[in-house]
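Remarks on the structure that follows.
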Amino acid sequence: MNLFSPIITGIFLGGLYAVIGLGLSLVFGVMKLVNLAHGAFVVFGSYLGLALLIAFGLDPILALILIVPTAFILGYCIQKFLVNRAYQLGTEPALLITYGISIILANLYQQIFSPYFKSLVTDYSVKGLSIGPYSVPLIYVLDFIVCFIAMLLLHWLLNKTYIGLSIRCAVQDPVAAKLMGISIEHVYALTLGISLSFASLAGVFLGLTFPFNPVSSFTYLFIAFGVVVIGGLGSMTGTFIGGIVLGLSQTLAAYFLGIGLQTFVGFIVIFIMLAIRPQGIFGVKE
Amino acid sequence: MPGEPLLKLESVSIYYGNFCAVKNVSLSVYEGEIVSLIGANGAGKTTVMNAIMGLVHPAKGSIIFEGKRIDKLDTSQIVSLGVSLVPEGRRIFSTLTVYENLMAGAYTPRARAQREQMLKRVYDLFPILQERSKQLAGTLSGGEQQMLAIGRALMSNPKLLLLDEISLGLSPIVTLKLYDAIRRINSEGTTILLVEQNVRQSLKISSRAYILKSGEIVLSGYSKDLKDEEEIKSAYFGV
Amino acid sequence: MFRLNAEYILLVILTLIMALLPVVGIGWYTLHVLFLFFVYLALANMWNLLAGYSGLVSLGQPAFMGIAGYTLAMLLWFFDTPLYIAIPAACAAATAFAAVLSIPLFRMRGFYFSIGTLLLNEICRVWFNWWRPIPVPGAPVGGGAGFGIRSGLSPISIYYLALAVGIASIILMRFILGSKLGAGLMAIRDNERAAATCGIDIFRCKLYSFLIATFFTGLAACVFYLFQGHIEPTGAFSISWLNVMLMAVIIGGISTEEGPIVGSAIVVLLSQLLPRYAEYSPLILGVLLTLIITFTPPGIIGMMRKTRLYNAMLKYLSKPIT
Ligand SMILES: Nc1ncnc2c1ncn2[C@@H]1O[C@H](COP(=O)(O)OP(=O)(O)O)[C@@H](O)[C@H]1O
Ligand SMILES: [Mg+2]
């Protein structure tokens with residue numbers, strides 16, 4: 001038995017899953033809203049990367065310079081013009097509107113890029129890296145590095161910038177935040193913008209790692225949600241561990257049960273966690 | 001009083017649903033003044049303050065600041081114009097540090113540009129805040145929290161500072177200290193409108209006062225003239 | 001108490017017209033569109049019962065539809081069960097599945113319930129994609145290929161089944177909303193805590209409504225799969241089913257009895273009558289859904305209810321005939 005490979009890929013993959021979870025967790029933490037379009041936002045990064053690769057031969061990692069700001073603006077506008085309005089009516093309309101957005105995006109992807117699987121292929125996305133006697137795909141190592149960069153970036157953003165300060169104020173006491181001159185709607189829009197930026201970042205690397213199609217929107221939504229549910233909300237360490245647990249459960253399930261049931265096990269883990277501890281392993285009960 | 005007032009409320013009425021919390025209130029605050037708004041619990045004082053800040057919007061009447069109507073504006077716009085409120089119950093950000101609370105007070109672009117000076121001014125006024133700058137705001141004592149709330153409101157360098165019952169729940173000694181600070185803030189050029197239930201204290205510090213009862217202004221005038229008015233008592237206690 | 005009024009007469013007349021259509025030799029295409037309308041109508045009514053009246057924003061109804069469809073397929077494929085047993089058994093299987101799952105699902109609240117139910121679709125899809133009851137390599141049974149469903153019913157009889165299910169779902173909604181269960185649901189929706197203090201068993205009300213909705217959703221699914229003659233996992237557990245329910249209810253008007261009728265008609269029209277744009281229809285519906293939630297949350301019926309004419313019509317229709 002050689003468990004090294006599934007374990008190491010599981011952990012590396014988990015890092016990337018954590019990045020998907022970060023954005024969802026941020027939006028939930030700030031607005032108490034589950035963004036059902038989160039997976040579609042992840043795939044947005046993959047498809048935009050693909051478009052830039054096909055059209056200009058732009059390397060997907062370089063293209064992040066364009067992809068992340070585009071994602072930010074898109075997120076900002078969606079929140080500002082759609083979700084904020086629905087949010088005033090209550091949480092259910094807001095939830096349903098994010099569902100509507102995910103349908104729109106998934107269908108747009110299908111119209112533009114066909115329903116078939118695509119992937120971001122570059123020379124480094126197929127390279128291997130040897131660790132001792134074993135070989136790991138280089139891209140998995142990159143995924144893991146990206147996870148750390150993303151977590152540091154988000155930490156810095158939340159704790160060291162005025163944007164982060166305004167977000168934390170708005171979470172703690174929206175009325176007091178308003179009295180500071182903070183516009184709550186602006187904060188919410190920024191939050192979705194940031195969430196979408198991280199989602200698209202993860203999307204580019206997922207696209208380099210796995211093939212994707214419009215339906216991947218939903219797969220990634222569940223993964224993001226699973227990460228958050230396992231790791232608990234509002235804790236970056238929790239999100240990281242949630243990602244690892246989910247990544248491992250998938251690669252180990254694939255190893256022991258075969259590829260066919262790989263996602264099944266992941267989903268069952270999420271479902272059980274939802275039922276027994278929706279606040280996550282590390283979360284505190286509200 | 002010469003010239004235009006800094007803040008003017010003209011027959012303002014405010015409703016919560018069908019309930020009229022403030023009826024036809026008019027008042028003015030001139031530059032450089034300390035004005036107090038006095039009334040019993042539930043008289044509508046906080047509602048007036050919230051209306052000035054744009055947290056609630058009046059159904060009738062207008063609120064004018066520096067000659068400009070502000071009653072339809074958002075709170076953030078009003079703060080940018082130079083109005084700042086120390087809210088009832090302080091509402092500091094308890095899981096943020098003292099320093100971060102103060103920085104939050106300097107959120108508007110205008111304030112951000114001069115936040116170092118303002119921070120120095122606030123630390124000068126309340127040295128204890130500098131000592132505790134790295135501490136979480138929730139760990140401060142009640143008096144220190146109130147100082148933080150005032151300091152935070154000052155960080156935007158407001159032209160008009162609104163204070164809502166800053167002495168609530170504090171000891172007389174701490175209250176005196178706070179009032180000294182208010183005088184200093186005023187002498188450095190900030191106009192102040194303060195809300196109190198404590199009649200004596202507020203009449204002592206203010207030049208003029210308005211007495212609010214069940215949402216209506218029943219009495220107003222120079223504080224020194226109001227001091228021994230019987231009417232104040234009746235307005236206040238409803239005898 | 002049942003009171004005859006113009007509404008019921010209208011319903012009976014319309015049902016009769018619909019029933020006569022195949023007899024007078026209407027085109028197959030129109031019949032197909034009407035068939036879909038009745039299936040969608042039943043689905044939408046049941047989703048309205050859940051999301052509009054019971055506070056259960058279930059995004060997992062496709063899973064229950066698929067379970068009903070698969071049970072039907074199994075019974076017909078392996079056991080040649082007669083339809084009058086197979087269909088109720090399929091609905092019962094979906095309901096039993098829902099009953100078992102209600103234990104974990106009802107522990108999830110609000111968002112968590114929605115996500116948990118949404119997850120069910122994926123779990124089922126992945127499972128049925130993998131599952132082959134007879135492990136014969138290369139046999140086109142189970143797995144991604146799915147099963148054939150041979151009922152021997154003529155398309156016209158299936159049309160009548162759909163008509164019956166669609167109309168029955170309207171009557172069922174009227175019946176539930178007028179029953180004790182409906183009163184309980186209404187009280188819970190208005191104020192959950194107050195309802196609890198009045199002695200309303202919130203859990204039981206929601207559970208009943210969940211099970212009833214699942215049974216009927218399963219029934220609609222059976223009718224659909226009888227028509228389609230085939231079931232496979234990607235289509236069966238596809239969220240396009242969810243889109244149908246959600247859009248019909250929200251576009252028509254959530255928490256109203258007429259909303260799903262109008263909404264289903266619009267969804268069918270958009271997806272079937274514009275074949276040239278068929279591939280864009282989910283996109284159009286998605287945009288419509290988003291716009292309606294943003295700008296006119298009560299949907300079309302909600303808007304019409306603000307007009308005097310519509311209210312007058314409603315009043316006239318619901319006046320008891322003596
Ligand atoms: N958000 C609210 N909703 C409904 N009624 C309110 C609200 N806030 C205050 N009130 C009512 O308005 C009146 C004035 O309240 P307030 O302005 O807080 O008085 P004060 O600050 O003088 O104690 C009170 O009767 C209070 O019950
Ligand atoms: Mg008050």
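Brief remarks on what is shown
- Taking every C-alpha pair closer than 8 Å and separated by at least 6 residues, the mean separation divided by the residue count of chain C gives a relative contact order of 31 percent.
- Least to most buried among C:TRP127, A:TRP156 (fewest other Cβ within 10 Å first): A:TRP156, C:TRP127
- Counting only residues at least eight positions apart within a chain, or on another chain, the lysines with an alpha carbon under 20 Å from that of A:LYS127 are A:LYS118.
- Residue-averaged [θ]222 nm for chain B, counting only DSSP H segments that reach four residues, each worth -39500 (n - 2.57): -10500 deg cm²/dmol
- Considering only C:ARG174, C:ARG204, C:ARG308, the mean-square fluctuation computed in a Gaussian network model of chain C, springs between alpha carbons under 10 angstrom, is largest for C:ARG308.
- With an a/c value of 1.5 or above and a/b not larger than b/c for the gyration tensor axes a ≥ b ≥ c computed over the alpha-carbon atoms, region C:6-234 is described as oblate.
- For B:TYR15, the amide hydrogen comes within under 5 Å of the amide hydrogens of B:ALA21, B:ALA59, counting only partners 5 or more places away or on other chains and with H modelled in the peptide plane.
- Sparsely packed loop sites in region C:1-86 (the chymotrypsin sites (Phe, Trp or Tyr not before Pro) outside DSSP H, G, I, E and B with at most 15 other Cβ atoms within 10 Å) comprise C:PHE2.
- Vicinal HN-Hα couplings computed from phi for region B:120-137 (Karplus, 6.51 cos²θ - 1.76 cosθ + 1.60; Hz; Gly/Pro x): 5, 5, 5, 5, 5, 6, 10, x, 4, 5, 5, 4, 9, 4, 8, 6, 5, 4
- Amide H contacts under 5 Å for A:VAL136: A:LEU129, A:SER130, A:ILE131, restricted to partners 5 or more places along the chain or on a different chain, H placed in the peptide plane at 1.01 Å from N.
- Candidates A:ASP59, A:ASP173, A:ASP143, ranked by Gaussian network fluctuation over chain A, Cα under 10 Å, top entry: A:ASP173
- A compact globular protein would have a Cα radius of gyration near 2.2 N^0.38 Å; the ratio found for chain A is 0.98.
- Taking chain A as a Gaussian network of alpha-carbon nodes connected by springs under 10 Å, the highest mean-square fluctuation of the residues A:ALA37, A:ALA170, A:ALA189 belongs to A:ALA170.
- Evaluated with a Cβ-only charge set (Lys, Arg +1; Asp, Glu -1), region B:137-222 carries a dipole of roughly 220 debye about its Cα centre, given to the nearest 20.
- Ordering C:GLU192, B:GLU165 from the fewest to the most neighbouring beta carbons within 10 Å gives C:GLU192, B:GLU165.
- Cα gyration tensor, region C:1-57 - rounded (a/c under 1.5), prolate or oblate: oblate
- Ratio of the Cα radius of gyration of chain B to 2.2 N^0.38 Å, where N counts its residues: 0.98
- The largest-to-smallest principal axis extents of the Cα set in region B:90-157 are 30, 21, 18 Å.
- Relative packing of peptides C:237-243, A:162-168 - highest average C-beta neighbours within 10 Å first: C:237-243, A:162-168
- For C:ILE250, A:ILE65, order by how many other beta-carbon atoms lie within 10 Å, fewest first: A:ILE65, C:ILE250
- Using alpha-carbon coordinates, inclination of helix A:184-209 to the longest axis of chain A, degrees: 10
- Top positive-direction residue, dipole computed over region B:1-106 with Cβ charges, set B:GLY61, B:VAL79, B:PHE93: B:GLY61
- Charge dipole of the protein assembly as shown (Cα centre as origin; +1 on each Lys and Arg Cβ, -1 on each Asp and Glu Cβ, all else neutral): 620 debye, rounded to the nearest 20.
- For region A:1-39 versus region A:171-233, the inter-centroid distance based on Cα atoms is 11 Å.
- All other residues whose Cβ lies under 13 angstrom from that of C:ALA99 are scored, Lys and Arg at +1 and Asp and Glu at -1, for a net of +2.
- Options A:THR237, A:MET31, A:VAL121, ranked by Cα towards positive dipole end of region A:4-276, top entry (Cβ charges): A:MET31
- Hz values of 3J(HN,Hα) by residue in region A:103-109 - Karplus curve (6.51, -1.76, 1.60), Gly and Pro given as x: 5, 4, 4, 4, 6, 4, 4
- Whether region B:115-208 is rounded, prolate or oblate, judged on the alpha carbon gyration tensor where a/c under 1.5 counts as rounded: oblate
- Entry note, chain A: the mean residue ellipticity at 222 nm calculated from DSSP H runs of n ≥ 4, each adding -39500 (n - 2.57), is -25500 deg cm²/dmol after division by the residues and rounding to the nearest 500.
- Centre separation in Å (Cα based) which lies between region C:29-96 and region C:294-322: 30
- Counting only Cβ charges, +1 for Lys and Arg and -1 for Asp and Glu, the dipole size of chain B around its Cα centre is about 420 debye.
- Mean residue ellipticity (222 nm) of chain C, computed from DSSP H runs ≥ 4 via -39,500 (n - 2.57), nearest 500: -23500 deg cm²/dmol
- Around the amide H of B:GLY39, modelled in the peptide plane, lie the amide H atoms of B:GLU196, B:LEU212, all under 5 Å away and 5 or more residues distant in sequence or on another chain.
- Lys/Arg +1, Asp/Glu -1 at C-beta; chain A dipole; positive extreme among A:LEU96, A:THR219, A:TYR47: A:LEU96
- Hydrodynamic radius of region A:1-153 per Kirkwood, over alpha carbon pairs, in Å: 17.4
- Integer Hz, Karplus 6.51/-1.76/1.60 couplings in order for region B:198-211, x for Gly and Pro: 7, 5, 4, 4, 6, 5, 5, 8, 8, 8, 10, 8, 10, 10
- Chain C: DSSP helices with Cα axial extent of at least 24 Å and average Kyte-Doolittle hydropathy no lower than 1.0: C:28-47, C:61-79, C:83-105, C:155-178, C:202-228
- With Cα atoms, 0 to 90° folded angle of helix A:38-56 axis to chain A main axis: 60
- Kirkwood Rh (inverse of mean 1/r, distinct Cα pairs), the protein assembly as shown, angstrom: 30.5
- Cα-based reach from B:LYS72 at 27 Å (exclusive), listing lysines while leaving out same-chain residues under 8 positions away: A:LYS80, A:LYS178, B:LYS8, B:LYS23, B:LYS45, B:LYS60, B:LYS159, B:LYS213
Quick note: the coordinates plus some simple rules give every number you see, no bench work behind them. Quantities reported herein were computed from a predicted structural model and do not represent experimental measurements. Note that we place each Cβ from the backbone using ideal geometry, even for glycine, and neighbour counts take in every protein chain shown.
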